[in-house]
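The values are calculated or read from the model by the stated rules, or taken from the named source; none is laboratory data. As the structure is a prediction and not an experimental result, all values here were calculated from the model. With ideal geometry, Cβ positions are generated from the backbone for all residues, glycine too; neighbour counts draw on all protein chains shown. The protein model used for the area step is the full one, side chains on, heavy atoms only, and it has no ligands, DNA or RNA in it. Shrake-Rupley method; radii C 1.70, N 1.55, O 1.52, S 1.80 Å.
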Amino acid sequence: MSRWRRSVDGLAARRRQQDECERAQEALSRVTSCFQQLAASLGSSADGSFLRDEMDETRGLAHRISTGLSRRLVRLLSDGDSGTSGVEDRKVSERLWVLFLSALESFLYDLRKAYDLIGQFPLRHRYDRRSLVNTGCIDGVVGVAARVASVQAPWLTLEEEPSPDLTNHITGLEIMLSEMQLRVPVPFWSVEATQPAWAEACGELEEPDDTLEDLMEVEVVSNDTSSRMVACCQPACCGLGFVG
Amino acid sequence: MTIRNTLRDHGQRYRPRMACLKKAEKVLLEMQDPKTGVKSQPQRLVITTIPHAITGEDIIAWLADKFHIDAQEARSFGSMLVALGYIYPLQDHKRLVIKPDASLYRFQTPYFWPTQQWPVEDTDYAIYLAKRNIRKKGILELHEQEHYNRLHKWMNHKWDFIVMQAKEQYRAAKERKKPDRVVFDCQERAYWVVHRPPPGTVSAMDYGLDRLVDPHADEATTPDYYERIMIFTQQSIMRPRVKSSVSIGALVKYCATYHNHDPFLSKCLPSNPWLTDDVTYWTLNMPYVEIPTKMRVERWTFSFAELLSDPRGRDDFRLFLKKEFSGENLAFWEGCEDLKWGEAATMREKAENIYKTFLARGAPRWINIDGKTMEITVKGLKHPHRYVLDAAQTHIYMLMKKDSYGRYQKSPVFKDTVKKAICPDEHRFTDAQLEQNARKRRPSVSPIILRQMEREQRAKMAANVDITQLCRFTTPVPHLAVYSGISDFPTANTSPSLPFLAHTPCPSPISVALDSTSASERRAEAADGDAKGNLAARTPAAGNVSKSRMALSLRRLLKRGCTPTTMFASLSPKCHSAAGTSSRIQPISPDQPSQAPPRRIGNFFQIKVDIPPECRIYPIESEDEEEENRAASRGGVGTKEIICPWESLTPHNGTG
């Protein structure tokens with residue numbers, strides 16, 4: 001095969017891999033944000049075995065995605081070194097690398113917190129439930145769990161690995177982070193954001209959402225010295241909420 | 001006994017000790033007990049009802065009951081729990097206090113509890129701001145916008161991740177049921193109010209830098225650990241002891257003296273910047289301000305250490321000493337401080353300089369210390385180190401404290417300062433004004449700039465000091481009468497063919513002072529006197545005609561004045577007796593006229609004196625003039641000149 005042909009093939013292969021990694025990155029983001037929602041209920045009145053099981057499953061999924069992604073990224077970036085990759089290509093790969101590492105660090109932070117909280121609120125016995133904090137959350141993680149289940153990653157069905165328990169997961173991630181940083185030297189600061197500041201504010205939402213202030217609308221008591229109106233409420237909502 | 005080290009305490013007090021967090025957690029868990037805990041009620045909102053809301057008065061009542069304390073203290077305790085972030089208010093979420101009425105609060109979920117083991121990450125804050133941005137379509141509060149822009153700049157490399165994560169978290173949160181969603185949003189918002197407080201909010205977790213070591217972590221019991229315990233115990237045994245009555249008396253006296261000056265215990269005029277965000281107090285109390293405040297001036301009367309440690313007070317004291325012509329004591333003390341706290345590289349030079357300026361025999365600013373201290377100091381100077389001048393410094397300090405300090409407080413300088421001191425009125429801000437102040441908060445002058453200004457000021461002072469002192473001696477006759485008593489100057493009777501005055505790198509006040517005199521007058525005066533012929537001949541040769549004329553006039557004045565020679569070895573009337581003795585003068589004596597030139601190199605200080613009444617005052621010598629002096633004085637009197645070390649440019653000045 002001519003060299004030109006080889007380089008074009010190489011280029012195409014790399015592009016495919018990069019796309020795969022992008023999608024995996026999005027999936028990882030989804031899983032970690034769901035994990036955070038679950039972890040926020042640890043130790044509260046909504047805590048329970050269901051929650052913890054869901055957390056374990058989410059964690060396992062995240063583990064699978066992250067190991068696969070790390071392997072592919074390392075391959076991509078160490079290949080790119082020797083191969084005939086353009087500067088643009090390399091930049092894309094580096095960007096993916098930086099994003100992945102940031103996601104891993106953020107996830108590790110959540111994992112450590114979860115580990116401490118589970119240690120603090122063990123829930124082994126019945127009376128442990130008495131010390132759970134009454135935060136006002138009732139139960140509501142079913143939707144989140146469903147969201148986790150819907151996550152697709154390119155290699156999830158292919159590679160089946162047993163998910164580690166929490167401690168091992170944390171140590172495993174730490175090792176993975178340090179190894180990755182040692183193996184491939186990527187200058188973090190050379191990566192730039194693809195979108196400008198405040199861009200996400202202008203994006204359209206799926207459906208118009210209520211702000212927290214609207215949601216926190218309180219009923220107005222009619223006879224009124226102690227009106228408990230929240231500050232910035234629009235007249236329309238007021239009308240709805242008014243209790244005579 | 002006095003309380004020391006109130007300012008320069010490099011001790012452990014500044015590090016935050018958040019051991020209260022573990023204790024607060026225990027209290028909080030006890031509040032949860034369904035039977036003995038705080039009563040909760042549902043919060044009715046428009047869209048739904050959320051359980052587990054508690055009222056402020058219930059919390060306070062529970063705390064008062066549990067710990068057997070009164071309502072006021074329970075209220076403070078409750079406010080502390082809110083300020084730490086364990087309980088958050090549902091209304092008025094930016095004010096982290098407990099209101100003793102029916103306003104509602106809720107417990108924070110343990111995931112968002114404050115702790116020092118998981119430091120608050122800027123990444124998370126960036127994600128939170130991006131989420132809020134999405135939700136509120138770009139309408140963030142001012143401080144949030146500032147944070148956002150800053151984080152966008154510094155976290156640009158992970159910004160894509162931040163936005164992606166924000167979107168995902170936003171969508172994940174929407175999966176929850178509405179009441180839970182509201183609760184989670186409240187929790188998250190409360191968390192960030194505590195850890196990134198908006199201006200005007202006082203949060204207990206906003207404490208600055210973390211300790212290096214976690215106070216809750218168990219320490220490993222290695223041999224090193226026991227070694228440290230042993231050293232600590234041994235030092236405790238060796239510490240000097242004071243009777244408790246004495247130390248308690250000192251504490252009581254200190255508290256009583258400083259009570260009105262403490263911004264926690266009394267009012268702070270015009271207003272405490274930490275409370276009202278108005279920085280007038282700081283601008284009025286800058287280190288080198290022109291007109292100090294009345295409180296500040298009052299503090300100077302508390303102790304000598306207070307006076308010296310305040311830069312403005314020290315300036316005032318320096319002014320007073322200048323009027324009394326005993327400024328060398330303070331200058332010496334300051335030189336010693338500089339040596340103690342300065343850089344190690346320049347230490348040797350500094351020690352030498354100080355010795356030559358203040359301690360050596362015949363030094364220009366000789367200080368009066370007793371023989372024993374002088375002996376110790378000189379011996380120590382052979383191998384100088386930071387504290388070599390400590391004994392002398394202490395002696396001078398006590399001298400100033402016992403003698404000058406008292407006179408200072410009765411002096412017109414001080415009385416003038418007291419009269420001019422200002423006492424600002426108290427600010428009375430309305431709530432709206434307070435908010436405006438909070439919005440207008442800006443960082444102050446950078447410490448780098450402050451340090452530069454300080455250095456410039458010090459350099460200016462060092463440059464000015466001796467010349468201005470000289471000025472008093474060289475102005476016309478009446479002042480000179482002060483020194484007329486010194487008459488036992490060894491005779492040096494040969495012709496005073498020393499040419500002319502110093503040509504200073506910086507404008508000499510002498511030249512400034514005498515500039516106005518007309519040239520012709522001087523020349524006429526110069527005509528008489530045999531020695532003047534020399535000078536007249538010389539003047540065309542000199543580059544600087546006017547200065548030489550000044551020299552002549554100076555000589556005339558001094559001649560007219562009286563006999564004495566001004567000994568610049570001492571600028572203080574106190575040293576009259578010392579000044580007379582020729583032993584203080586450097587080895588050059590008029591008896592050995594020809595010694596002048598070579599001696600000059602050997603000795604740093606040479607006091608150049610003419611035969612009386614021709615006395616020359618040469619604050620500065622330049623190279624050229626020394627050549628000429630040498631030439632002139634070949635047959636003439638022994639020359640003695642004082643070269644101020646920090647201004648002389650001559651090569652023989654070792655420290656240059």
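Within segment B:156-171, which residues are free of Cβ contacts under 8 Å to residues at least 24 places away in the same chain and more than 7 Å from every other protein chain (Cβ to nearest Cβ)? B:171, the sole residue that qualifies.
Screening B:194, B:183, B:163 for residues that are within 20 Å of residue A:110 (Cα to Cα), in contact with a Lys or Arg (Cβ under 8 Å, 6 or more places away or on another chain) and crowded, with 22+ Cβ neighbours inside 10 Å leaves exactly one candidate, B:183.
Quick check on this structure: which one of A:145, A:149 is exposed (fewer than 13 other Cβ atoms within 10 Å of the Cβ) and within 14 Å of chain B (Cβ to nearest Cβ)?
Working: A:145 fails: exposed (fewer than 13 other Cβ atoms within 10 Å of the Cβ).
Exactly one of A:145, A:149 is exposed (fewer than 13 other Cβ atoms within 10 Å of the Cβ) and within 14 Å of chain B (Cβ to nearest Cβ), namely A:149.
Okay, residues lined up against (1) modelled with pLDDT of 90 or more; (2) touching a Phe, Trp or Tyr at 6+ places or on another chain (Cβ under 7 Å); (3) among the charged types (D, E, K, R):
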site	(1), (2), (3)
B:181	no, no, yes
B:185	yes, no, yes
B:192	yes, yes, no
B:201	no, no, no
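Quick one: is residue A:78 farther than 27 Å from residue A:124 by Cβ, within 14 Å of another protein chain (Cβ to nearest Cβ), in contact (Cβ under 8 Å) with a residue 12 or more places away in the chain and in contact with a helix residue (DSSP H, G or I) (Cβ under 9 Å, 6 or more places away or on another chain)? When the stated conditions are applied, residue A:78 does not pass them. In the set (1) part of a loop (DSSP other than H, G, I, E, B); (2) crowded, with 16+ Cβ neighbours inside 10 Å, residue B:385 fails one condition alone, (2). Checking each residue in segment A:122-138 for being farther than 26 Å from residue B:178 by Cβ, at the interface with chain B (Cβ under 7 Å from one of its Cβ atoms) and either touching a residue at least 40 places away in the same chain (Cβ under 8 Å) or among the small types (Gly, Ala, Ser) (or both) picks out only A:131.
Answer with yes or no whether residue A:14 is touching an Asp or Glu at 6+ places or on another chain (Cβ under 9 Å), within 14 Å of chain B (Cβ to nearest Cβ) and either open to solvent by 50 Å² or more (accessible area, probe 1.4 Å) or more than 25 Å from residue B:182 (Cα to Cα) (or both).
no
Filtering B:174, B:153, B:136 for residues that are more than 7 Å from chain A (Cβ to nearest Cβ), closer than 28 Å to residue A:192 by Cβ, open to solvent by 30 Å² or more (accessible area, probe 1.4 Å) and free of Cβ contacts under 8 Å to residues at least 12 places away in the same chain leaves a single hit, B:153. In the condition set (1) within 7 Å of another protein chain (Cβ to nearest Cβ); (2) at pLDDT 90 or above; (3) touching a Gly at 6+ places or on another chain (Cβ under 9 Å), residue A:33 is compliant with all but (3). Restricting to segment B:30-45, and then to whatever is surrounded by fewer than 19 Cβ atoms within 10 Å (Cβ to Cβ) and facing another protein chain (nearest Cβ under 7 Å), can you tell me which residue is nearest to the chain's Cα centre (by Cα)? Per the stated criteria, the residue is B:33. Being closer than 30 Å to residue B:454 by Cα and charged (D, E, K, R) holds for only one residue in B:185, B:180, B:277, B:206, and it is B:277. Where helices (runs of 4 or more DSSP H) sit wholly within segment B:269-332, those with at least 2 residues that are within 16 Å of residue B:396 (Cα to Cα) occupy B:304-309, B:311-324. Within segment A:25-62, take every residue that is part of a loop (DSSP other than H, G, I, E, B) and of a type in the set (S, T, N, Q) and give me the one that is least open to solvent (accessible area, probe 1.4 Å). Going through the qualifying residues, I end up with A:41.
Yes/no per residue for (1) surrounded by 15 or more Cβ atoms within 10 Å (Cβ to Cβ); (2) in contact with a strand residue (DSSP E or B) (Cβ under 9 Å, 6 or more places away or on another chain); (3) more than 19 Å from residue B:322 (Cβ to Cβ):
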{"residue": "B:389", "(1), (2), (3)": "yes, no, yes"}
{"residue": "B:394", "(1), (2), (3)": "no, no, yes"}
{"residue": "B:399", "(1), (2), (3)": "yes, no, no"}
{"residue": "B:403", "(1), (2), (3)": "no, no, no"}
{"residue": "B:414", "(1), (2), (3)": "yes, no, no"}
{"residue": "B:420", "(1), (2), (3)": "no, no, no"}
{"residue": "B:424", "(1), (2), (3)": "no, yes, yes"}
{"residue": "B:430", "(1), (2), (3)": "no, no, yes"}
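Every residue, every condition in (1) part of a helix (DSSP H, G or I); (2) out of contact with any Ser or Thr (no Cβ under 7 Å at 6 or more places or on another chain); (3) open to solvent by less than 10 Å² (accessible area, probe 1.4 Å); (4) acidic (Asp, Glu), yes or no:
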| site | (1), (2), (3), (4) |
| --- | --- |
| B:53 | no, no, yes, no |
| B:59 | yes, yes, yes, no |
| B:72 | yes, yes, no, no |
| B:77 | yes, yes, no, no |
| B:80 | yes, yes, no, no |
| B:83 | yes, no, no, no |
| B:94 | no, no, no, no |
| B:99 | no, yes, no, no |
| B:115 | no, yes, no, no |
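Scanning segment A:90-109 for residues that are open to solvent by 10 Å² or more (accessible area, probe 1.4 Å) and either closer than 20 Å to residue A:20 by Cα or touching a Phe, Trp or Tyr at 6+ places or on another chain (Cβ under 6 Å) (or both) yields A:90, A:91, A:92, A:94, A:95.
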